[in-house]
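Structure, as structure tokens:
Bear in mind that the values in this text are calculations on the coordinates, not laboratory data. What you see is a predicted model, and the numbers here were worked out from it, not measured in a lab. Glycine also receives a Cβ, built like all others from the backbone with ideal geometry; neighbour counts cover every protein chain displayed.
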Amino acid sequence: MKLNDPRLLRQHAYVNGKWTHGDGGREEAVVDPATGETLGHIPWLEAEQIRGAVDAAEAAFVHWRALRADERCERLLAWYDLIQANREDLAIIMTREQGKPLPDARGEVEYGASFVRWFAEEGKRTYGETIPSHIPNAALGTLKEPVGIAALITPWNFPLAMITRKAAAALAAGCPVIVKPAGETPFSALALAELAERAGIPAGIFNVVLGEPAEVSEILCAEARVKALSFTGSTRVGRLLLEQSAPTVKRVSLELGGNAPFIVGPDMDPREAAFAAVAAKFQTAGQDCLAANRILVHESIHDDFVAHFASRMAALTLGNGLEPEVDLGPLIHGQAVDKASAIVDDALSQGATLVAGDQSQAPGPNFFVPTLLTGVTPKMKVWREENFAPVAGVTAYGDDDEVIELANDTEYGLAAYVYTHDIRRIWKLLRALEYGMVSVNSVKMTGPPVPFGGVKQSGLGREGGNTGIDEYLETKYYCLGAL
Ligand code: NAD
């Protein structure tokens with residue numbers, strides 16, 4: 001991999017400020033999903049080494065929590081500056097291991113860095129309260145204190161930003177972190193560790209452990225010294241980690257799967273809405289928890305909408321993310337392609353219509369040609385499951401009550417999109433949609449100042465915004481009596 005600074009491509013775990021081999025000699029290959037080329041190898045740590053990371057974090061916590069908030073802020077801002085200064089290398093690493101087009105990878109670096117800057121400042125505002133006393137001659141109040149060691153388990157679809165969104169909040173709050181990135185995309189996490197070290201974040205405060213996912217997670221969940229667990233990934237694994245965290249009663253935050261509805265009102269210009277829906281569906285080749293999976297279009301404009309969607313979709317270029325003009329990269333691996341094919345086959349067997357999506361045109365084994373299905377119904381897998389592929393399903397609806405029922409007909413509740421200019425309809429849908437985030441007439445909705453998270457089986461807790469740091473803070477109540 002050609003980088004301006006080759007030292008950013010690390011192939012060891014990072015524990016207690018040291019680059020670490022696996023004691024058992026186990027390792028895993030990291031593969032470019034676009035070409036199948038092996039990019040490098042990462043070691044798998046053994047159980048004792050994972051516990052060693054907890055020891056290191058425990059020791060380092062004493063000093064880190066004692067720093068003033070503005071001192072922690074300075075280290076985080078130094079980290080932010082280094083991420084920005086190395087943006088191009090970080091983007092290349094991401095495109096190679098994840099597959100997303102280089103401009104999207106640059107965008108993710110920018111997005112990921114923005115959380116570091118936000119939380120660096122937010123750490124200075126973790127205010128406690130003064131409480132009017134109900135006890136004679138007493139002063140009452142609260143202090144905010146760091147919760148302790150935080151384990152951060154992250155997915156491969158956003159290999160950098162899903163780490164900074166958690167780690168920056170935890171570090172600013174005074175907590176050390178142990179990051180377990182996805183095995184498919186460890187190099188972005190390790191490059192972040194290299195930059196954290198250069199930024200003067202002390203040994204033991206930012207650790208990256210690598211290993212067999214179930215093994216590592218089980219150890220971190222069982223450790224009573226790990227006080228918080230923040231996970232982004234599938235609902236299936238999230239449930240498992242919640243269960244594993246119960247014996248030690250951890251603070252658990254879960255950012256899980258989504259199955260976003262994209263509702264188009266009858267008043268909308270079908271072309272404008274279709275272009276927005278394409279943008280909301282095909283980011284990261286559909287491997288996005290915010291992807292518009294269930295496109296619900298008013299029957300009066302359905303056919304026009306579908307025609308515009310199909311022509312916009314046909315203009316998307318599928319290919320290696322390093323090449324210019326590519327809009328969609330590969331899926332992460334072959335199983336993802338198989339899953340997408342099975343979802344399309346299931347829909348067709350139940351009466352959906354394939355408008356576009358000829359898989360014989362795929363430029364390689366991990367690629368899935370953007371696909372448009374119409375006549376999608378709630379019985380189909382494409383409706384029920386998060387497809388995590390460039391497969392868009394369209395359903396026609398008759399009125400607002402029907403579309404609310406359809407939109408909420410899923411176990412997920414992460415994000416919903418609404419396209420209409422009718423203020424009454426906007427308000428009605430906004431109130432009725434069972435989602436943690438609702439975006440009206442905008443594809444872009446996330447960023448550091450806003451709370452990101454879901455309801456139902458899309459998760460627990462919020463990241464970002466003025467509440468994101470609370471996931472890493474305890475409230476200590478005090479009563480000063482006999483004053
Ligand atoms: P995943 O659940 O398979 O993996 C996530 C992490 O958990 C990885 O680090 C993985 O190594 C680890 N893991 C996998 N199996 C495990 C096991 N048995 N025990 C413990 N840990 C295990 O998810 P993924 O495929 O990497 O990511 C895609 C999922 O992430 C999608 O469902 C997507 O919606 C979700 N996601 C959610 C958000 C959000 O903010 N809500 C953001 C991005 C992705």
The chain, dipole about Cα centre (Lys/Arg Cβ +1, Asp/Glu Cβ -1), debye to the nearest 20: 1240 debye
With a cap of 10 neighbouring Cβ atoms within 10 Å, and only residues DSSP puts in a loop, list the trypsin sites (Lys or Arg not before Pro) found in segment 443-473. LYS444
Which percent, nearest 5, of DSSP beta bridges in the chain are antiparallel? 40 percent
Just from the alpha-carbon atoms, what are the Rg and Dmax of segment 308-437 in angstroms? 16.4, 47
Filtering trypsin sites (Lys or Arg not before Pro) in segment 185-281 by DSSP loop and by at most 16 other Cβ atoms within 10 Å leaves ARG225
5 angstrom amide H check on HIS298, placed H, neighbours 5+ away: VAL264, TYR397
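Taking a ≥ b ≥ c as the square roots of the Cα gyration tensor eigenvalues, with a/c under 1.5 meaning rounded and otherwise prolate when a/b beats b/c, else oblate, which class fits the chain?
Details: a/c = 2.03, a/b = 1.34, b/c = 1.52.
Since a/c reaches 1.5 but b/c is at least a/b, the shape of the chain is classed as oblate.
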To the nearest 10 degrees, how steeply does helix 334-349 sit against the main Cα axis of the chain, on a 0 to 90 scale? 40 degrees
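Using 25 Å as the Cα-Cα cut-off, could you pick out the over-long pairs in LYS339/LYS428; LYS381/LYS428; LYS339/LYS379; LYS379/LYS444?
Working: LYS339/LYS428 36 Å; LYS381/LYS428 28 Å; LYS339/LYS379 17 Å; LYS379/LYS444 30 Å.
Beyond 25 Å between Cα atoms: LYS339/LYS428; LYS381/LYS428; LYS379/LYS444.
Tell me the relative contact order for segment 289-406 as a rounded percent, counting alpha carbon contacts under 8 Å between residues six or more apart.
Working: 180 pairs, mean separation 38.8, N = 118.
Computed over segment 289-406, the figure is 33 percent.
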Enter the Cα centre distance for the pair segment 373-447 and segment 1-57, rounded to the nearest angstrom. 40 Å
Excluding residues fewer than 8 places away in the same chain, name every one of the lysines whose C-alpha is closer than 28 Å to that of LYS144. LYS124, LYS166, LYS180, LYS227, LYS250, LYS476
